[in-house]
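Reviewing the structure listed below.
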Amino acid sequence: MNWLEAFILAIIEGITEFLPVSSTGHMILASSLMGIAAHPFTKLFTIAIQFGAILAVVVEYRKKLLTVNKQRWITILVAFIPAAIIGKLLDDFIDSLLENPTVVAITLLLGGLILIWIDTWLSGRSLNDKDPNRLQSFWIGCFQCIAMIPGVSRSAATIIGGLIQGLSRTSAAEFSFFVAIPTMFAATSHKLFKYLKSGAHFQSEEIHLLLLGNVVAFVVAWLAIRSFIHFLNKNGFKLFGYYRVILGLIILFILYVLQRPLQII
């Protein structure tokens, strides 16, 4: 992986990580189109640059997160627990699903159809702008576990989970951002630990690529987060749904019509 490829992947990570469109699906397409070879470092890179995206949430919501609010942090941790347990138990199975681009394409399609439908379902419902309580947070955390299936989108799963619990679009999206902090930190730390435990070590250029990737992911994710809430309140979920359906169909077209394999980095 060269500098330009790392830069492009970091932009994709920053844009897609917190939007309900699946960063995994985009990484598959981008890495295949650029011809990035499968390698332990490139796989780690796509995970490790999530640190930059996490920092974007902390910076954007620093006032809410740093204000002493015991209840908010408890609900975040409650929502994190289901994913921590399931992720640990099903780690190898989840990795095997990641190797199957057909699974990604199908989940993109199904998730897109749900997002197209969700705006109609929300019409006329009474929604709550407050933070979720502990029980609501637990169920949102259970929805987050569904996102371990590649292509589902962690953001989409947690936002939909919040909406089903009666949260408003803004509250559901913001809580999805907050839950991402411990979830993505744990996932990134786990992959980094496994990488180093395997005996691998970082070359000087690889460290520089990781620094570049995290800086770019931070800047782009910060801009995406700032824009997403406004867009969501004005336009709803349908455009994201249509986009997911189109992306899923493109992946299936490449796989089964063009019969071209997609490289999972």
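The values are calculated or read from the model by the stated rules, or taken from the named source; none is laboratory data. The shown structure was predicted, so the numbers you read here are calculated from the model rather than taken from an experiment. Cβ placement follows ideal geometry from the backbone for every residue including glycine, while neighbour counts extend to all protein chains displayed. Only protein heavy atoms, including side chains, enter the accessible area calculation; ligands, DNA and RNA are left aside. Shrake-Rupley method; radii C 1.70, N 1.55, O 1.52, S 1.80 Å.
Test of understanding: what is the full-extension gain from Leu110 to Phe253, defined as 0.36 nm times their sequence separation minus their Cα-Cα distance? Taking Leu110 through Phe253 to full extension adds about 49.9 nm, to one decimal. Among the protein heavy atoms, those of His26 account for about 30 Å² of accessible surface (1.4 Å probe, every chain in place).
Could you identify which residue out of Ser204, Ser153, Ser23 has the top mean-square fluctuation in a GNM of the chain using Cα springs shorter than 10 Å? Of the options given, Ser204 has the highest mean-square fluctuation.
Let me spell out the model: positive unit charges on the Cβ of Lys and Arg, negative unit charges on the Cβ of Asp and Glu, origin at the Cα centre of the stretch 118-176. What dipole size does that give, in debye rounded to 20? Don't skip to the answer; put the middle values down first.
Numbers: 5 positive and 4 negative charges, 19 e Å.
Dipole about the Cα centre, nearest 20: 100 debye.
For the chain, modelled as a Gaussian network with Cα springs under 10 Å, which listed residue fluctuates most, Ala186, Ala56, Ala48? Of Ala186, Ala56, Ala48, the Gaussian network model singles out Ala186 as fluctuating most. Within the shell defined by Cβ-Cβ distances under 14 Å, the residues around Ile160 carry a net charge of +4, with Lys and Arg each +1 and Asp and Glu each -1. Based on Cα atoms of the stretch 1-65, Rg over Rh with Rh as the Kirkwood radius reads 1.02.
Rg/Rh, computed from the Cα trace of the stretch 151-220 with Rh as the Kirkwood radius, has the value 1.13.
Our estimate of slack between Leu66 and Phe202, defined as 0.36 nm per intervening residue step minus the Cα-Cα distance, is 45.6 nm.
Each residue was assigned an accessible area with a 1.4 Å probe, and for Val215 the value is about 90 Å².
Which value, in debye to the nearest 20, gives the size of the charge dipole of the chain about its Cα centre, when Lys and Arg are +1 and Asp and Glu are -1 at the Cβ? Please report the intermediate quantities before stating the final value.
Numbers: 20 positive and 14 negative charges, 154 e Å.
With Lys and Arg at +1 and Asp and Glu at -1, about 740 debye.
A 1.4 Å probe over all protein chains sorts Tyr195, Tyr256 by accessible area into Tyr256, Tyr195, starting with the largest.
For Leu196, neighbours were defined as the other residues whose beta-carbon sits under 15 Å from its Cβ, and their charges (Lys and Arg +1, Asp and Glu -1) total +3.
Over the Cα atoms of the chain, each weighted equally, I'd like the Debye log10 I(q)/I(0) at q = 0.08, 0.14, 0.15, 0.16 Å⁻¹, rounded to two decimals. Relative scattering, expressed as log10 I(q)/I(0), comes to -0.30, -0.96, -1.11, -1.27. Can you bin the stretch 1-145 into rounded, prolate or oblate? Criterion: square roots of the alpha carbon gyration tensor eigenvalues sorted a ≥ b ≥ c, rounded for a/c under 1.5, prolate for a/b above b/c, oblate for the rest. Taking the square roots of the gyration eigenvalues as a ≥ b ≥ c, the stretch 1-145 is prolate. If only the Cβ of Lys and Arg carry +1 and only the Cβ of Asp and Glu carry -1, the dipole of the stretch 1-152 around its Cα centre is close to 720 debye. Taken over the stretch 184-265, the ratio of Cα radius of gyration to 2.2 N^0.38 Å equals 1.56. Return the carbon/sulfur percentage of the accessible area of the chain, one whole number, probe 1.4 Å, all protein chains in place. Answer for the chain: carbon and sulfur cover 69 percent of the accessible area. Per-residue 3J(HN,Hα) values for the stretch 192-206, derived from phi via the Karplus relation 6.51 cos²θ - 1.76 cosθ + 1.60 with θ = phi - 60°, read 5, 4, 5, 5, 6, 5, 6, x, 6, 9, 8, 7, 4, 5, 5 Hz in sequence order (x marks Gly and Pro).
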